[in-house]
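The values are calculated or read from the model by the stated rules, or taken from the named source; none is laboratory data. It should be emphasised that the depicted structure is a prediction, and the values quoted were computed from it without experimental measurement. Note: ideal-geometry Cβ built from the backbone for every residue, glycine included; neighbour counts use all protein chains shown. Accessible surface is based on the protein model in full, side chains and every heavy atom, while ligands, DNA and RNA are left aside. Shrake-Rupley method; radii C 1.70, N 1.55, O 1.52, S 1.80 Å.
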Amino acid sequence: MPLMPGAEPYRHDGGEVGVLLCHGFTGSPHAVRPWGEYLAARGHTVSAPLLPGHGTRWQDIQTTGWQDWYAEVDRELRALSGRCSRVFVGGISMGGTLTLRLAAQHGAAIAGIMLVNPSLKADSHQLKAVPVLRHLVPSVPGIASDIAKEGIAEVGYDRTPLHAVHSLSRFWKVVRAGLPQVTQPLLLMHSRVDHVVHPSNSALVIGRVSSSDVTERVLERSYHVATLDHDAEQIFEESSRFIQRLAPAAKEGAPRG
């Protein structure tokens, strides 16, 4: 299937510091591309892959699951680690969930993690019916484009496929169990008002990770897709400062020889 316009993966070959950015469930790299472009402009090597089953039509995600989505970002992390001296990982929504799994699995190979409205649990009672309902109803209305800023739309699916939701809910359990293994410096940015992922998800992250270096920022003017919303510049600037603080000696702007 052809890709939706704007759903293409994003990559930039920059300096010694690598950044992997993970998009969310039923979304695409479009949601993190401005974030990636900002960091690329500051000399970093950036990769924002397209997750399997995403960026085409919602039916395509029905035959994938969390293992497929995680395998894609795991491959990208390993490629960046072979290319760069320090690697950071960031993600929005389920991209934050994937980031936490990578952090728990890869330990010191990741220099720091950056989360925007990460999802870790079901915030709706209706989700409890998904294990049965998915066999009766293929999809429900989509969750894309929860954005306060007028005139901005996220490139993502207009339907939410329930087989994939069921896999995501199983992934949440895996990631929650591994939160104590997350020890990297953490920058967590979450919206005060989010119609997709309740802010209690962020509180859960802070309460269970083992990171001693934790920075929390509340985004006052944005909804769920904050990387495309009013607080996008704050996210980008905070991320850049976070990376520079943790990798001050990394040479920017020049590829490794």
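You will find that of R245, R208, the residue that is surrounded by 13 or more Cβ atoms within 10 Å (Cβ to Cβ), among the basic types (K, R) and touching a residue at least 12 places away in the same chain (Cβ under 8 Å) is R208 and no other. Of all residues in the stretch 215-229, none that is without any contact (Cβ under 8 Å) to a residue 24 or more places away in the chain has its Cβ atom under 8 Å from the Cβ atom of a residue that is part of a strand (DSSP E or B), 6 or more apart or on another chain.
Every residue in the stretch 1-25 that is of a type in the set (V, I, T) and out of contact with any helix residue (DSSP H, G or I) (no Cβ under 7 Å at 6 or more places or on another chain), please. The answer is none; no residue qualifies. The residues of the stretch 145-201 that are small (G, A, S) and over 19 Å from S239 (Cβ atoms), listed by number, are S145, A148, G151, A153, G156, A164, S167, S169, A177, G178, S200. Selection within the stretch 46-97: residues that are out of contact with any Pro (no Cβ under 8 Å at 6 or more places or on another chain), assigned to a helix (DSSP H, G or I) and of a type in the set (S, T, Y). The member of this set that is least open to solvent (accessible area, probe 1.4 Å) is Y70. Of all residues in the stretch 40-49, those being hydroxyl-bearing (S, T, Y) and either free of Cβ contacts under 8 Å to residues at least 12 places away in the same chain or in contact with a Phe, Trp or Tyr (Cβ under 8 Å, 6 or more places away or on another chain) (or both) number 1.
Of the residues making up the stretch 22-39, those that are open to solvent by less than 10 Å² (accessible area, probe 1.4 Å) and without any contact (Cβ under 8 Å) to a residue 40 or more places away in the chain are P29, G36. Do we have G43 as surrounded by 19 or more Cβ atoms within 10 Å (Cβ to Cβ), in a loop (DSSP other than H, G, I, E, B), in contact with an Asp or Glu (Cβ under 9 Å, 6 or more places away or on another chain) and not basic (K, R) here? Considered against the rule, which asks whether it is surrounded by 19 or more Cβ atoms within 10 Å (Cβ to Cβ), in a loop (DSSP other than H, G, I, E, B), in contact with an Asp or Glu (Cβ under 9 Å, 6 or more places away or on another chain) and not basic (K, R), G43 comes out as no.
Can you tell me which residue in the stretch 166-187 is most open to solvent (accessible area, probe 1.4 Å), limited to those that are in contact (Cβ under 8 Å) with a residue 40 or more places away in the chain and of a type in the set (A, V, I, L, M)?
Taking the candidates together, the pick is V174.
Condition first: small (G, A, S) and under 19 Å from T227 (Cβ atoms). Now tell me which residues in the stretch 19-60 satisfy that. Passing the criteria: G24, G27, S28, A31, G36, A40, A41, S47, A48, G55. Taking the criterion of being open to solvent by 50 Å² or more (accessible area, probe 1.4 Å) and either hydroxyl-bearing (S, T, Y) or part of a helix (DSSP H, G or I) (or both), the only residue of the stretch 110-125 that qualifies is H125.
Could you look through the stretch 4-21, keep only residues that are within 16 Å of the chain's Cα centre (by Cα) and within 29 Å of W58 (Cβ to Cβ), and pick out the one that is most open to solvent (accessible area, probe 1.4 Å)? Don't jump to the end; show me each part of the working.
Keep residues of the stretch 4-21 that are within 16 Å of the chain's Cα centre (by Cα), which gives 7-11, 18-21.
From what is left, the residues that are within 29 Å of W58 (Cβ to Cβ) are 7-11, 19-21.
Working: A7: 0, E8: 77, P9: 55, Y10: 25, R11: 136, V19: 0, L20: 0, L21: 1 Å².
Once the filter is applied, the top-ranked residue is R11.
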